[in-house]
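Encoded as structure tokens, the structure appears first; notes follow it.
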Amino acid sequence: MRQHLVDELMLALTDLQNASEMADAAVSERLGLNRTDSRCVAYLITRGPMASGELAELAGLTPGALTVAVDRLEKAGFAERVRDQADRRRVLIRPTEKARALARDSWGQAVKEAEAQFAAYTDEQLVLLTEFLKGQVAQQRRNAERVRDSSTWA
């Protein structure tokens, strides 16, 4: 019985990952962005302004690749570089209002549907789901790093 539950959960995770990929691709296409740039915009919208090093780490990019991505996002009107008000030596990258509006238009309905689904769960269940998903994010990041750093597919 337990193995069946684990198998069902693994299948559901795979289906979620694939459905998320399809949704992300559709949003990227609609915005006229490549997937990397779209991922950067998503982090900026959900996490707020951040330094380039932080965004590079979240997006899994080298500093040089991030610089090129931010240049493209600035040119497209989705992000801007601004001085950090707390430390004027530091530059932050932030989403523009154009990016926020398009994100609301692209993801607003999905957010409402997710919030409606969350309403059916207790606080304890939401904590459990959040912990599980954070663990899965960490696992996927480790796997991406392992695959990138591997010289073989053994």
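Odds and ends about this structure:
- Here Val6 meets each of (1) at pLDDT 95 or above; (2) closer than 24 Å to Asp105 by Cα; (3) not aromatic (Phe, Trp, Tyr) with one exception, condition (2).
- Odd one out for Ala86, checked against (1) under 28 Å from Ala138 (Cα atoms); (2) at pLDDT below 95: (1)
- Matching residues, the stretch 51-79, being under 15 Å from the mean Cα position of the chain (by Cα), surrounded by fewer than 17 Cβ atoms within 10 Å (Cβ to Cβ) and not in a loop (DSSP other than H, G, I, E, B): Glu54, Glu57
- Filter result (touching a residue at least 40 places away in the same chain (Cβ under 8 Å) and either assigned to a helix (DSSP H, G or I) or of a type outside the set (A, V, I, L, M) (or both)) within the stretch 19-36: Ala23, Val27, Arg30, Leu31, Gly32
- Residue in the stretch 48-56 that is of a type in the set (Asp, Glu) and more than 20 Å from Ala144 (Cβ to Cβ) present: no
- Just one of the numbered conditions (1) under 19 Å from Val82 (Cα atoms); (2) at pLDDT below 95 is not true of Ser28: (1).
- Top-ranked residue of the stretch 94-117 - restricted to ones that are aliphatic (A, V, I, L, M) and without any contact (Cβ under 8 Å) to a residue 24 or more places away in the chain, ranked as surrounded by the fewest Cβ atoms within 10 Å (Cβ to Cβ): Ala116
Matching residues to (1) out of contact with any Cys (no Cβ under 7 Å at 6 or more places or on another chain); (2) more than 27 Å from Leu9 (Cα to Cα); (3) free of Cβ contacts under 8 Å to residues at least 40 places away in the same chain:
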position: Ser38; (1), (2), (3): yes, yes, yes
position: Leu55; (1), (2), (3): no, yes, yes
position: Lys75; (1), (2), (3): yes, yes, yes
position: Asp87; (1), (2), (3): yes, yes, yes
position: Leu92; (1), (2), (3): yes, yes, no
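Each row is one residue, and each column tells you yes or no for (1) touching a strand residue (DSSP E or B) at 6+ places or on another chain (Cβ under 9 Å); (2) under 20 Å from Ser20 (Cα atoms); (3) not polar (S, T, N, Q).
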| position | (1), (2), (3) |
| --- | --- |
| Glu115 | no, yes, yes |
| Phe118 | no, yes, yes |
| Tyr121 | no, no, yes |
| Thr130 | no, yes, no |
| Leu133 | no, yes, yes |
| Ala138 | no, yes, yes |
| Arg141 | no, yes, yes |
| Ser151 | no, no, no |
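- Cβ pairs under 8 Å, 6+ apart, first in the stretch 121-134 and more than 15 Å from Ala12 (Cβ to Cβ), second part of a helix (DSSP H, G or I): Tyr121/Leu129; Leu126/Phe118
Results for (1) closer than 18 Å to Gly77 by Cβ; (2) more than 16 Å from the chain's Cα centre (by Cα); (3) assigned to a helix (DSSP H, G or I); (4) among the polar types (S, T, N, Q), shown as yes or no for each residue.
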site	(1), (2), (3), (4)
Ala99	yes, no, yes, no
Ser106	yes, no, yes, yes
Ala110	no, no, yes, no
Gln125	no, yes, yes, yes
Glu131	no, yes, yes, no
Lys134	no, no, yes, no
Arg141	no, no, yes, no
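The values are calculated or read from the model by the stated rules, or taken from the named source; none is laboratory data. If you're wondering where the values come from, they're calculated on a predicted model, not measured in any experiment. So basically every Cβ, Gly included, is an ideal-geometry build from the backbone, and we count neighbours across all protein chains shown.
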